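Reviewing the structure listed below.
Bear in mind that the values in this text are calculations on the coordinates, not laboratory data. Quick caveat: nothing in here was measured; it's all calculated off a predicted structure. A quick note on method: Cβ atoms are made from the backbone with ideal geometry, for glycine too, and the neighbour counts reach across all protein chains shown.
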Amino acid sequence: LVPLPKGREVVGREWVYTVKTGPDKAETYKARYVAKGYSQIPGIDYHETFSPTARMSSIRILLQQAIQNDMLVHQMDVKTAYLNAPIDCEIFIEQPEGYERVGQNGERLVCKLNKSLYGLKQSGRNWNNMLHDYVMKESFTQSLADPCVYIRNGGTNECTIIIIWVDDLIISASHEILLQSVKDSLSNKFRMKDLGVLSWFLGTEFKCSEGAIEMSQKQYIEKLLL
């Protein structure tokens with residue numbers, strides 16, 4: 001908490017409440033304190049904002065390769081991913097409603113951000129840059145065809161592929177030991193949620209069996225029809 005510097009404006013903020021539905025139609029309720037990115041001033045509160053996501057064609061190709069080469073396909077989720085990434089500009093926002101504090105002399109205080117809060121225009125980019133740097137340090141090579149696909153070849157018949165969609169990761173590996181080593185490495189760096197065998201990704205249900213992976217968007221279609 002700091003006094004607002006002279007000549008600076010605060011970025012708006014609000015609570016956002018969401019309900020997420022999983023593959024078993026179980027609902028998860030979430031509350032997140034976010035910045036109102038539309039109130040940011042270009043050149044002061046942010047500069048670059050672009051952040052890539054994996055192509056669906058890349059995901060399909062990965063699954064085809066996994067079937068053909070008998071590879072394991074799992075998924076992981078990075079918890080509160082954006083909050084890992086350092087902020088690239090000096091940004092001030094109002095304190096959360098109900099938690100306001102004032103200075104020793106009663107002066108107004110605002111929050112000076114240290115990390116990339118959800119809602120900021122550049123948060124996705126900051127997070128992607130951080131994750132990219134980490135994956136590259138782990139000896140992966142970024143695909144020339146898709147910037148969100150990373151490949152690492154080891155010894156004989158050892159291959160690991162990571163596909164990134166913001167904070168959702170698909171990890172494919174030649175064997176269990178290789179897969180677990182990648183999971184352990186990610187978990188040592190970030191707060192991860194291990195979701196096991198690929199089953200639900202980007203609103204698509206997956207069923208993995210020997211020699212086949214089925215994809216279904218039944219729940220999405222049902223929502224369109226209701």
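Values computed for the structure shown
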read-out	value
Sorted largest first, extent of segment 78-185 alpha carbons per principal axis (Å)	68, 27, 19
Volume per residue that the Cα convex hull of segment 51-105 spans, once the total is divided by residue count, Å³	165
Of Lys36/Lys218; Lys137/Lys223; Lys79/Lys218, those spanning more than 32 Å from alpha-carbon to alpha-carbon	Lys36/Lys218; Lys137/Lys223
Modelled FRET efficiency - R0 45 Å, Gln219 with Arg108, Cβ distances, 0.05 increments	0.45
Förster-model FRET efficiency, 41 Å R0, Tyr134 and Thr156, C-beta, rounded to 0.05	0.95
Residue-span extension gain [Arg101 to Ile41] - 0.36 nm each, minus C-alpha spacing	19.0 nm
Distance between modelled label sites at Ser51 and Leu195, nm, 7 Å Cα→Cβ extension	1.7
Normalised per residue, the volume of the convex hull around the Cα set of segment 1-96 (Å³)	161
Cα-based equivalent ellipsoid of segment 2-225: semi-axis lengths in Å, sorted from largest, via gyration tensor	38, 21, 15
Radius, Kirkwood style, for segment 124-222 when every pair of distinct Cα atoms is counted (Å)	14.9
Distance (nanometres) between label positions extended 7 Å along Cα→Cβ at Tyr33 and Lys20	2.0
